[in-house]
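Right, one structure below, let's go through it.
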Amino acid sequence: MPHAAVPDPAVGPLPEPDPVRDLAPGPVRGRVPEPVQNPGPGPVPDPVRNPVPDPVQNPVPGPVQNPVPGPVRDLASDPVRDPWRDAMRLALAEADAAAPAGDVPVGAVVLGPDGAVLARAHNEREAVGDPTAHAEVLALRRAAAATGEWRLTGCTLVVTLEPCVMCAGALVQSRVERVVFGALDEKAGAAGSLWDLVRDRRLNHRPEVIHGVLGEECAEQLTAFFRTR
């Protein structure tokens, strides 16, 4: 039987033995280690609340394609009046021939159904002493003589100044399809300004009316003539 330790009076009483503290390092005896738990997969992500971003894909560089050039559209173009500009320039040139005799510079051109020029004329009242010798009346007479028919069906009369009552009546009687004029005549015009005889619904023939073709040039030609009077 082992002898109990005798305390040394100089050191003091010995501490009580501790079976846990006095044991060598190692696992604590009498304790069962807890099993290590592997973490689970966690909550399933919600693609609505937490959308998974798509991987960034670098685009594959390819050849740079230049746009195919197309027709440049003129914002100032007028599909209604533009087709008659060339004919109006012919009428303006014809009007210049009226001034030497002292007639008001008004010119007219009659185009056939195919667009060909059938007749040209300018004011000749002063030159021949005829009150009916307006450009429109003379052009209609010459066009009828050229076609051999008084009905100018499908034809177009282009004149620099809005027709008067006399000329508007002649246009209705000649059965032209269309009347194209440049400057308005607010004092005597009978195609929309003072009267609208050519489109009167009570008549049996009503030509189409297109106004304002090179209107500023036509008005300037007349203004320059009267400025010298």
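The values are calculated or read from the model by the stated rules, or taken from the named source; none is laboratory data. Remember, predicted model here, so these are calculated numbers, not experimental data. Glycine gets a Cβ as well: all are built from the backbone with ideal geometry, and neighbour counts include every protein chain shown. Just so you know, the surface numbers come from the protein's heavy atoms only, side chains and all, with ligands and any DNA or RNA stripped out. Shrake-Rupley method; radii C 1.70, N 1.55, O 1.52, S 1.80 Å.
Multiply the residue separation of Ala219 and Gln173 by 0.36 nm, subtract the distance between their alpha-carbon atoms, and state the gained length in nm to one decimal.
13.8 nm
Output wanted: per-residue J couplings in Hz (rounded whole) for segment 123-140, from phi through Karplus 6.51 cos²θ - 1.76 cosθ + 1.60, θ = phi - 60°, x for Gly and Pro.
So the J values, rounded to whole Hz, are 4, 9, 4, 6, 5, 10, x, 10, x, 9, 7, 7, 4, 5, 5, 5, 5, 5.
Quick one: net charge around Trp150, please, counting Lys, Arg +1 and Asp, Glu -1 for every other residue with C-beta under 11 Å from its C-beta.
Spelling it out: positives minus negatives among the neighbours equals +2.
List, in order, the whole-Hz ³J(HN,Hα) value for each residue of segment 205-214 obtained from phi through the Karplus relation with A = 6.51, B = -1.76, C = 1.60 and θ = phi - 60°; use x for Gly and Pro.
Residue by residue, segment 205-214 yields 9, 9, x, 6, 10, 10, 10, x, 6, 6 Hz.
List the residues, sorted by chain then number, that are 5 or more residues from Val209 or on another chain and whose placed amide H is less than 5 Å from its amide H.
Under 5 Å from the amide H of Val209: Val179.
Which GluC sites (Glu not before Pro) from segment 119-162 combine a DSSP loop assignment with at most 14 other Cβ atoms within 10 Å?
Glu149
Around Leu138, under 14 Å between beta carbons, what's the net of Lys plus Arg minus Asp minus Glu among the other residues?
-2
Got a sec to turn the phi values of segment 215-229 into Karplus ³J(HN,Hα) couplings, 6.51 cos²θ - 1.76 cosθ + 1.60 with θ = phi - 60°, whole Hz, x for Gly and Pro?
x, 5, 5, 5, 5, 5, 4, 5, 4, 5, 5, 6, 5, 8, 8
Whenever you get a sec, compute what percent of the accessible area on segment 111-229 sits on carbon and sulfur atoms (1.4 Å probe).
Answer for segment 111-229: carbon and sulfur cover 50 percent of the accessible area.
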